[in-house]
Amino acid sequence: MSIIKDFKWEIISEKLIHKDDQAILDRVYSSLNEPYKLRTDLFPEPYVGNPKTATVILLALNPGYEGGERKWYANYNGRVETILKNNLNHENTQNPYYYFDESLSKDSPGHDYIKKRFKAVIDKGITIDMLANKMAMIQFFPYHSNKFKYSKQYLPSQEYNFSLVLEAMANKKLIVCLRSFKKWEDGLTYYLQKYPELKGNEKLQFHFNEKKGRSILENYKLIEKQLIELDNPRSTYISENNLKKNPEAFKQLVEALIK
């Protein structure tokens, strides 16, 4: 079995959701009020950047909601919507991590945020171009909201993201968990249990050969040493000060972006 789930983003245009997600969204999420209400008037962002080509993978929770996203869309006469749509099926080939794109910075909900978070990395000589092309963020949940209401009724689109993370592990990519480590553990465990044939994948044996009952994220961290956790997940700044528990982690990240 291929690790990556056979999946293509097909949007229901009037709701901007994936057609296969609708049943669970209607059952679990449709009655939520603010701050948990899903903003399905915005393009989903299950990931930013291309997880298939990136050398560094960031794990996050879900795209937030700032309130000015539609203004950002309007500034660029359809260009933002095209980029967001292409992002869904990994079709952006130039600067796929588009929040680093200076030409899209006006009223961008993510441009200043992500540059501030990676200032310490940029100060080490990593260019904006490197970050825009060699890094991808995968969200645990693909739809926008001010706050996220967790459910273990996983969407088909979430399963696809779980498969992208497992593929990154199989290829020994560096993974940086920004937040929600336990939710990611639960989601990946669910996926591995749903598809037991993955036990035969030789690239995942670092996990299946281990008999201590740890999660695959823990094994990737302890055995492959390719997973970084921030000291303070409430502060998602990527800096030496936020990685003091693992003094080599910051250097490891910089080197992975140079590859």
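Some notes on this structure:
- Sites Tyr150 and Glu224 - FRET efficiency at Förster radius 41 Å, r taken between beta-carbons, to 0.05: 0.90
- Approximating the spin labels as points 7 Å out from Cα along Cα→Cβ, the Lys119-to-Lys251 distance works out to 2.5 nm.
- For Glu69, net neighbour charge (Lys/Arg +1, Asp/Glu -1) across residues whose Cβ lies under 12 Å away: -2
- The Lys172 and Tyr76 beta-carbon pair, evaluated with R₀ = 41 Å, returns a calculated FRET efficiency of approximately 0.65.
- Size of charge dipole - the range 166-259 - debye, nearest 20, with Cβ of Lys, Arg +1 and Asp, Glu -1, no other charges: 120 debye
- Simple rule: put +1 on each Lys or Arg Cβ and -1 on each Asp or Glu Cβ in the range 185-230, find the dipole, and look at Gln226, Gly200, Ser215; the Cα lying farthest toward the positive end is Gly200.
- Loop-located trypsin sites (Lys or Arg not before Pro) in the range 177-218, at most 12 other Cβ atoms within 10 Å (DSSP): Lys211, Lys212
- Sparse-neighbour loop sites [trypsin sites (Lys or Arg not before Pro); the range 23-107; at most 13 other C-beta within 10 Å; DSSP]: Lys106
- Relative contact order for the range 43-156: 50 percent, from Cα pairs under 8 Å spaced at least 6 residues apart, divided by residue count.
- Across the range 1-128, Cα-Cα pairs farther apart than 27 Å form 24% of the total.
- Magnitude of the charge dipole for the chain, about its Cα centre and with charges confined to Cβ atoms of Lys, Arg (+1) and Asp, Glu (-1), is about 640 debye.
- Neighbour net charge for Asn89 - beta-carbon separation under 10 angstrom, K R +1, D E -1: 0
- FRET efficiency estimate (nearest 0.05) - Cβ-Cβ, Leu32 to Lys203, R0 35 angstrom: 0.35
- For Lys212, the aspartates and glutamates whose Cα falls under 18 Å of its own Cα, not counting residues fewer than eight places away in the same chain, are Glu185, Asp186, Glu224.
- Cβ-based net charge around Ala54, under 14 Å, with every Lys or Arg adding one and every Asp or Glu removing one: +3
- Using a cutoff of 8 angstrom between alpha carbon atoms and counting only pairs six or more residues apart, the relative contact order for the chain works out to 27 percent.
- Debye-formula intensities of the chain, expressed as log10 I(q)/I(0) at q = 0.08, 0.11, 0.17 Å⁻¹, are -0.30, -0.59, -1.47 (one equal scatterer per alpha-carbon, no solvent).
Each reported figure results from applying straightforward, stated rules to the coordinates on display, with no laboratory input. From a predicted model like this one, the values you see are computed outputs, not experimental measurements. Every residue, glycine as well, gets a Cβ built from its backbone with ideal geometry; the counts of neighbours run over all protein chains shown.
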